């Protein structure tokens with residue numbers, strides 16, 4: 001085993017260890033996240049960690065097919081994040097337009113027209 005291969009193996013295993021730590025900490029944030037936006041950002045970070053795993057495995061094995069899989073996962077992760085953001089935005093607007101306890105809309109009291 002030459003020096004370059006030994007360095008590559010070390011870098012791959014170090015990268016996998018760091019990605020595993022990031023993955024575990026992000027799962028904790030998904031479970032314990034105090035708000036829905038925190039959980040959405042944590043899920044986006046999980047997608048980024050999964051892309052990192054795929055990229056590192058692609059470097060380790062030498063198969064370029066893993067790059068295509070990582071690109072597809074990135075696209076799906078982006079679309080999921082946009083969908084969650086739109087859901088949060090719509091949910092927030094519907095909560096502000098909901099009637100108060102006295103039956104009046106909150107937007108009638110100096111909020112948005």
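The values are calculated or read from the model by the stated rules, or taken from the named source; none is laboratory data. Small disclaimer: the values here were computed from a predicted structure and weren't measured. Neighbour counts are summed over all protein chains in view; Cβ atoms, including those assigned to glycine, are modelled from backbone coordinates with ideal geometry.
Filtered by the rule that a residue be surrounded by 12 or more Cβ atoms within 10 Å (Cβ to Cβ) and in a helix (DSSP H, G or I), region 16-35 gives 16, 18, 19, 20, 22, 23, 25, 26, 27, 29, 30.
Working only within region 1-15, note down all residues that are in a helix (DSSP H, G or I) and out of contact with any helix residue (DSSP H, G or I) (no Cβ under 6 Å at 6 or more places or on another chain). Passing the criteria: 3, 4, 5, 6, 7, 8, 9, 10, 11, 13, 14. The combined condition, being in contact with a helix residue (DSSP H, G or I) (Cβ under 8 Å, 6 or more places away or on another chain), farther than 30 Å from residue 4 by Cβ, surrounded by 11 or more Cβ atoms within 10 Å (Cβ to Cβ) and modelled with pLDDT under 95, is not fulfilled by residue 67.
Condition check: part of a helix (DSSP H, G or I), in contact (Cβ under 8 Å) with a residue 12 or more places away in the chain, in contact with a helix residue (DSSP H, G or I) (Cβ under 8 Å, 6 or more places away or on another chain) and crowded, with 16+ Cβ neighbours inside 10 Å. Does residue 52 satisfy that?
yes
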